[in-house]
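The values are calculated or read from the model by the stated rules, or taken from the named source; none is laboratory data. In this text the structure is predicted, and so the values were computed from the model without any measurement. Neighbour counts are summed over all protein chains in view; Cβ atoms, including those assigned to glycine, are modelled from backbone coordinates with ideal geometry. Note: areas computed on protein heavy atoms with side chains; ligands, DNA, RNA excluded. Shrake-Rupley method; radii C 1.70, N 1.55, O 1.52, S 1.80 Å.
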Amino acid sequence: MNRFFISLKILTRSFKKVILFEIMYKFMVTAIFTPIIVGTVKVAMRLAGINYLTNSRISDFLARPTTIAMFFVIVVLYAIISLIEIGGIIYCYNQTYFNQRVEVVDMMREGLKTAFRILWPQNLLIIIFPMIFLPINYRNDITGSITAVQVINLFIEFLKEKPVLALVLSILYIAILWFGIRWIMGIGYYIAEKQRFMRARKSAVQLSKKRYVGIVVSLLLELALFMIVLVALYLLITFVITKILMLIFHASRAYTYSLLTAKVLFNLWHTIYSCLMMPAAMAIVMGTFFALKRNAQEEEVIPEPVKRDEKKEERQKKKKYKSIMYGIFVISAVFNLLYLTYGIGFSGSSFRLQLFNKTEIAAHRGFSAEAPENTIPAFESAIEHFSDYVELDVQETKDGEVIVLHDSNFKRVSGLNKKVWNVNYEDIEDLDVGSWFSEKFTDTKIPTLEEVLIMSKGKLKLNIEIKLTGHEKNLEQSVAELIHKYHLEDECVVTSFQSKALKNVKKYNKHIRTGYILKVAYGDFSKVKFADALSVNYSFATSALINDAHMAGKEVYVWTVNTPEAIDDMVKKGVDMIITDDPVLAKETITSYETTPYLVDLIKYYTKTKK
């Protein structure tokens with residue numbers, strides 16, 4: 001039988017079992033391996049005397065001997081968990097090929113046995129195979145909490161600065177591939193026929209009869225075909241959903257929704273990819289293995305069926321193993337949910353990693369390109385375009401009402417030539433601040449901070465800038481009390497150019513995060529006790545400044561960033577918030593960074609967007 005049809009046969013006949021095994025395996029690996037990775041990195045950071053790991057410091061960190069030692073620990077752990085997966089899948093295919101029954105619990109048990117056989121000295125070189133399959137199995141977790149954080153890109157950037165090390169590692173990997181290609185069929189002997197690896201690799205060389213290059217080329221072509229099918233399905237689904245969104249919404253909103261949908265589908269595609277590529281690769285390898293053995297008329301090692309008098313005892317064992325496995329799976333699922341909800345161990349810790357951070361988008365005065373600035377329509381538009389925050393300005397009227405307004409005078413937005421501190425709220429509550437922008441927004445009113453808090457709760461976070469004019473009575477206290485009244489301490493940050501305002505906010509409610517707006521930032525940021533963040537003009541946001549602020553435990557916000565080049569630069573430098581007049585452009589640029597630029601280009605092509 002043609003090896004392609006053997007591969008297809010064992011894959012299709014065992015597909016349900018393999019996919020169930022993959023899902024359970026991925027959940028368990030994420031639950032167990034993620035905290036180990038985080039813990040290992042924390043130990044390495046502690047040994048290196050670092051409490052905040054930034055992109056620009058990654059080179060120094062990775063070059064330290066303690067980090068290199070920890071890296072090898074991670075490599076060994078990766079090899080072990082990969083062998084669990086490879087061992088379980090190959091066991092399943094071997095049983096299927098010989099028409100033997102197989103259960104997921106058997107796959108998990110055999111996978112564990114395969115992995116821990118690496119501890120035998122004669123089996124140590126089996127570590128080569130996980131390294132070979134790294135390009136198709138780099139995403140081993142189900143949530144993406146480890147691999148979706150640009151770790152690979154960071155390592156590549158590090159190697160660009162170390163050309164000698166990059167050359168050494170390249171030669172090493174080529175050597176691994178060379179021997180791995182020659183021994184590729186050894187994985188069948190090692191797992192399916194339980195041979196020691198020293199013997200398995202000799203059997204593999206003899207079976208291949210120096211045709212290993214042609215065999216591997218065929219394997220790669222078949223894998224490439226499989227991946228092309230997956231990519232084509234992704235493109236087709238994305239195209240259909242984008243066209244549906246274009247029929248429902250106007251162009252700008254359809255583009256934003258399509259971008260978000262494409263990103264979700266991209267992450268879903270990666271999850272499907274992670275569950276299918278290793279089973280597909282192993283099906284191709286084992287199909288080739290069985291075909292070569294048949295062509296060589298080599299004796300087949302048929303798995304022994306369970307004897308009748310052992311069946312009862314075997315069923316009891318399986319029942320016990322199933323209970324344990326499903327119990328571990330449930331616990332793993334809970335841990336995965338916790339990782340997705342609360343992060344993976346760096347939030348709230350003195351040890352933080354920039355590569356695990358997400359840069360958030362704040363729409364400057366709302367989406368002020370689509371609606372009048374600092375108004376409810378502008379904030380609603382920011383929500384519709386999936387901004388994380390809006391940045392807004394608050395001032396106090398003569399009678400103590402906290403209103404949302406940038407200028408100290410109403411003239412620019414309403415025509416009324418009066419200062420904020422000279423009018424009571426009832427004098428301006430019916431002012432039209434929308435007509436200057438467009439007739440569509442005629443009769444749009446100045447919102448109070450309380451109205452914005454009510455409107456935004458659970459939908460949008462707020463960056464509230466306090467503008468002190470010298471005429472306030474209780475502005476800071478009022479802002480702090482309103483935030484507390486609606487229990488929005490976790491959804492608001494209060495910023496100001498004046499340190500006095502921030503100190504007062506902290507005095508009234510220490511749980512409210514504060515940000516110090518600076519025209520020039522320099523010095524020891526750890527002494528700025530009244531602020532949790534620094535907000536600076538993006539042109540002054542150098543890597544050194546961002547690193548120093550992060551090392552002092554401060555977040556960094558940048559304003560006002562309106563070009564794709566500047567946004568991309570700020571994301572790469574690791575800022576925590578980008579304040580922009582164009583949240584759609586910012587979302588587009590960050591999506592390119594978090595996924596691939598081709599994804600954004602694809603959505604632009606589908607929606608005919610020229611942005």
remark   = Just one listed residue, out of 495, 448, 444, 514, is hydroxyl-bearing (Ser, Thr, Tyr), over 20 Å from residue 407 (Cβ atoms) and surrounded by 15 or more Cβ atoms within 10 Å (Cβ to Cβ), and it is 514
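Kindly indicate whether any position in region 236-250 is in a helix (DSSP H, G or I), within 30 Å of residue 25 (Cα to Cα) and open to solvent by 40 Å² or more (accessible area, probe 1.4 Å). Outline the logic, then answer.
Of all residues in region 236-250, those in a helix (DSSP H, G or I) come to 236-248.
Narrowing further to those that are within 30 Å of residue 25 (Cα to Cα): 236-238.
Then keep just the ones that are open to solvent by 40 Å² or more (accessible area, probe 1.4 Å); that gives 236-237.
Yes, region 236-250 has at least one match.
Kindly establish whether residue 535 is small (Gly, Ala, Ser) and open to solvent by 30 Å² or more (accessible area, probe 1.4 Å).
No; evaluated as a whole, the condition is false for this residue.
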task = Tell me which residues, restricted to region 441-466, are assigned to a loop (DSSP other than H, G, I, E, B) and small (Gly, Ala, Ser).
result = 458
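Residues that are at pLDDT below 85: find the helices (runs of 4 or more DSSP H) completely inside region 160-214 holding 1 or more of those. Quick ask: steps written out before the conclusion?
Working: elements: 163-182, 186-191, 197-208.
In region 160-214, 163-182, 197-208 are the helices (runs of 4 or more DSSP H) which contain 1 or more residues that are at pLDDT below 85.
Identify all residues within region 172-197 that are open to solvent by 30 Å² or more (accessible area, probe 1.4 Å), of a type outside the set (A, V, I, L, M, F, W, C) and within 33 Å of the chain's Cα centre (by Cα); write none if there are none. Spell out the reasoning first.
Taking region 172-197 first, the residues open to solvent by 30 Å² or more (accessible area, probe 1.4 Å) are 172-179, 181-182, 193-194, 196.
Keeping just the survivors that are of a type outside the set (A, V, I, L, M, F, W, C) gives 173, 182, 193-194, 196.
Matches in region 172-197: 173 only.
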message = Anything in region 222-235 that is under 17 Å from residue 266 (Cα atoms) and open to solvent by less than 50 Å² (accessible area, probe 1.4 Å)? List them, or say none.
response = 230, 234
request  = Filter region 259-274 for residues that are hydroxyl-bearing (Ser, Thr, Tyr) and either modelled with pLDDT under 85 or closer than 14 Å to residue 226 by Cα (or both) and give the result.
outcome  = 271, 273, 274
inquiry  = Quick check on region 469-480. Is at least one of its residues out of contact with any strand residue (DSSP E or B) (no Cβ under 9 Å at 6 or more places or on another chain), over 16 Å from residue 366 (Cβ atoms) and at pLDDT 95 or above?
reply    = yes
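For region 451-462, enumerate the residues that are free of Cβ contacts under 8 Å to residues at least 60 places away in the same chain and open to solvent by less than 30 Å² (accessible area, probe 1.4 Å).
453
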request  = Six or more apart or on different chains, Cβ under 8 Å: which pairs go from a residue in region 163-183 that's closer than 17 Å to residue 214 by Cα to one that's open to solvent by less than 80 Å² (accessible area, probe 1.4 Å) and hydroxyl-bearing (Ser, Thr, Tyr)? Could you list them?
outcome  = 181/212; 182/208; 182/212
query = So, in region 392-423, of the ones that are open to solvent by less than 10 Å² (accessible area, probe 1.4 Å) and among the polar types (S, T, N, Q), which residue ends up nearest to residue 364 (Cα to Cα)?
reply = 395
request  = Test residue 253 against the stated conditions and say whether it is surrounded by fewer than 20 Cβ atoms within 10 Å (Cβ to Cβ), among the charged types (D, E, K, R) and either part of a helix (DSSP H, G or I) or out of contact with any Lys or Arg (no Cβ under 8 Å at 6 or more places or on another chain) (or both).
outcome  = yes
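Residues in region 491-526 that are within 15 Å of residue 545 (Cβ to Cβ) and without any contact (Cβ under 8 Å) to a residue 40 or more places away in the chain: how many?
Result for region 491-526: 10.
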task = Examine region 431-440 for a residue that is free of Cβ contacts under 8 Å to residues at least 12 places away in the same chain, outside any loop (DSSP other than H, G, I, E, B), open to solvent by 50 Å² or more (accessible area, probe 1.4 Å) and out of contact with any Lys or Arg (no Cβ under 8 Å at 6 or more places or on another chain), and state whether such a residue exists.
result = yes
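If I ask for residues that are surrounded by fewer than 21 Cβ atoms within 10 Å (Cβ to Cβ), under 17 Å from residue 567 (Cβ atoms) and not acidic (Asp, Glu), which ones from region 591-608 would you list? Don't jump to the end; show me each part of the working.
Here is the first cut: in region 591-608, the residues surrounded by fewer than 21 Cβ atoms within 10 Å (Cβ to Cβ) are 591-599, 601-602, 604-605, 608.
Narrowing the set further to residues that are under 17 Å from residue 567 (Cβ atoms) leaves 591-597, 599, 601, 604.
Of everything in region 591-608, those that are surrounded by fewer than 21 Cβ atoms within 10 Å (Cβ to Cβ), under 17 Å from residue 567 (Cβ atoms) and not acidic (Asp, Glu) turn out to be 591, 592, 593, 595, 596, 597, 599, 604.
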inquiry  = Could you go through region 467-477 and let me know if any residue there is out of contact with any Pro (no Cβ under 8 Å at 6 or more places or on another chain), assigned to a helix (DSSP H, G or I) and buried (at least 20 other Cβ atoms within 10 Å of the Cβ).
reply    = yes
message = Restricting to region 565-586, and then to whatever is free of Cβ contacts under 8 Å to residues at least 60 places away in the same chain and within 16 Å of residue 539 (Cβ to Cβ), can you tell me which residue is surrounded by the most Cβ atoms within 10 Å (Cβ to Cβ)?
response = 567
